[in-house]
Amino acid sequence: MAAPRLVLLFSGKRKSGKDYITERLRYSLGGDVCALLRLSGPLKQQFALERALDFQRLLDTSDYKETYRAEMILWGEEKRSADPGYFCRLIVEGVTQPVWIISDARRRSDVDWFLAAYGDVLQNVRVTASQETRRCRGWVYTPEVDDAESECGLDTGVTFDWIIANDGDETSLDEQLHTLKAFILSRLTLLV
């Protein structure tokens with residue numbers, strides 16, 4: 001496994017647009033330069049295997065995933081309690097691209113693991129959106145989900161290098177992503 005030149009660790013509330021933004025960045029940078037990694041992938045895959053669920057449906061934005069979200073969160077917390085870096089190590093195995101985008105950091109243990117492993121090249125990125133914007137995207141407050149660590153664990157105590165406001169203004173979002181992409185490319189140039 002090649003060491004990354006830059007690791008962008010994205011976090012944000014449900015329906016803030018983390019996947020949309022990270023997909024746009026990956027597309028813009030290209031698959032040979034940028035790997036898009038999801039902590040939720042191995043979690044959902046193992047959860048689906050143990051419970052005979054449809055893994056592909058747990059990956060999308062359907063009601064199917066929402067039906068199992070609270071149970072999946074508890075299961076993931078048990079795994080992390082036993083080994084805080086379990087899911088982090090799984091997603092970086094065999095990755096060779098110089099830029100890694102982790103699209104879904106949700107817990108302090110995620111940030112701590114990536115900071116310890118890749119601190120020199122790590123950038124913490126927070127995606128924000130108002131509750132009204134998130135509601136328009138289908139968010140509904142759900143007890144034991146929206147008040148759990150998976151949604152609130154990074155609300156305080158983390159220094160963000162970048163904050164991307166994603167409230168539906170495409171021009172503003174384009175400008176923010178252009179600035180972030182320029183930074184990424186400058187880091188690649190500096191590190192050649």
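The values are calculated or read from the model by the stated rules, or taken from the named source; none is laboratory data. These figures come from a predicted structure and were not determined experimentally. Don't worry about glycine lacking a Cβ; one is built from the backbone with ideal geometry, like all the others, and counts go over all protein chains shown. Note: accessible area is taken over every heavy atom of the protein model, side chains too, but ligands, DNA and RNA are not part of it. Shrake-Rupley method; radii C 1.70, N 1.55, O 1.52, S 1.80 Å.
Only a single item in (1) open to solvent by less than 60 Å² (accessible area, probe 1.4 Å); (2) modelled with pLDDT of 90 or more is not met by residue 24, and it is number (1).
Just so you know, in region 82-103 the residues that are hydroxyl-bearing (Ser, Thr, Tyr) and touching a strand residue (DSSP E or B) at 6+ places or on another chain (Cβ under 9 Å) include one that is least open to solvent (accessible area, probe 1.4 Å), and it is 103. Screening residue 91 on (1) among the β-branched types (Val, Ile, Thr); (2) closer than 19 Å to residue 19 by Cβ; (3) out of contact with any Phe, Trp or Tyr (no Cβ under 6 Å at 6 or more places or on another chain); (4) in contact (Cβ under 8 Å) with a residue 60 or more places away in the chain shows it passes everything except condition (4).
Residue 39 passes all but one of (1) open to solvent by less than 20 Å² (accessible area, probe 1.4 Å); (2) out of contact with any Asp or Glu (no Cβ under 6 Å at 6 or more places or on another chain); which number fails? Looking at each condition in turn, residue 39 falls short on (2).
Among the residues of region 104-127, which ones are assigned to a strand (DSSP E or B), over 19 Å from residue 150 (Cα atoms) and open to solvent by 20 Å² or more (accessible area, probe 1.4 Å)?
123
Within region 138-153, the set of residues being touching a residue at least 40 places away in the same chain (Cβ under 8 Å) and under 18 Å from the mean Cα position of the chain (by Cα) comprises 139, 145, 146, 148, 149, 150, 151, 153.
Scanning region 156-165 for residues that are exposed (fewer than 11 other Cβ atoms within 10 Å of the Cβ) and at negative phi returns 156, 159. Checking 14, 5 one by one, the residue that is among the basic types (Lys, Arg) and open to solvent by 20 Å² or more (accessible area, probe 1.4 Å) is 5 and no other. Just one of (1) within 26 Å of residue 28 (Cβ to Cβ); (2) open to solvent by less than 80 Å² (accessible area, probe 1.4 Å); (3) modelled with pLDDT of 95 or more fails for residue 168. It is (3).
For region 135-184, give me each residue that is of a type in the set (D, E, K, R), assigned to a helix (DSSP H, G or I) and over 23 Å from residue 8 (Cα atoms). Across region 135-184, the qualifying residue is only 135.
Only a single item in (1) open to solvent by 30 Å² or more (accessible area, probe 1.4 Å); (2) farther than 20 Å from residue 18 by Cβ; (3) not charged (D, E, K, R) is not met by residue 130, and it is number (2).
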